[in-house]
Each structure stands twice: as structure tokens, then as C-alpha cells.
């Protein structure tokens, strides 16, 4: 996998949210997002940017420590070295206590009509 320069993430929270700002982990190293706007509280929308500048073997959204977190939708845009940006959408999920969400997805193959 090429080097991940930056990624943008938008998280739409459902009925149960977080009190604080979530973190991410790349290759087992927990990090804070470089920028955040909004919140992950119930019904909230959080927009965040991470600038890991690393070759990812794993990339996860660190799950809640105290209670479940209902996520309605996640949108992730990846900025990989030497590639055009691409976006992946994830549907609803509930993260239980100490459960993480994998954020590492390869670029979808291009489609075309024949």
C-alpha cells in the first residue's frame, strides 16, 4: 500500500455518542486528529483530518471506553502518495466498549461501460 499522507473523515453519530473527541490509530500507534470540527455527541456530526504521513498496515477509529457508540455513517477520503484522492462510505455500526472500527480500505476499482 502506498504512503497515506492525509485522510479526512466525517462521522454521523446516532442515538448514543461520545463525550469527547475520538482518536485514530495507525500501525498500532494511537493519535489525535490534527483538526476537528463538530462533535460525536448523540445526533452530532464530526469532521476531522488526520495527517499520519505513513505506510499503513492498519488504520482504525478507536472505539469508546465507557459505553456503546452508534455511528450512522462514516465517509473517509484518502490522500495517498502518487494517487488521486478517493472516498469510501461505511454504513451504520455500533461500536461496543473498547471495540475499534477499521478505516483502511483499498481504492475501489474503476468501472466503465462496455
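Every number in this text was worked out from the coordinates using simple rules, so none of it is lab data. Computed from a predicted structure; not experimentally measured.
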Let me see the pair-distance distribution of the chain: every alpha carbon pair, 10 Å bin width, integer percents in order. 14, 47, 29, 8, 1, 0
Give me the number: length gained by fully extending residue 34 to residue 75, i.e. 0.36 nm times residue separation minus the C-alpha to C-alpha distance, one decimal in nm. 13.1 nm
Below 8 Å, C-alpha to C-alpha, sequence gap of six or more: please give me the relative contact order for the chain in percent. 31
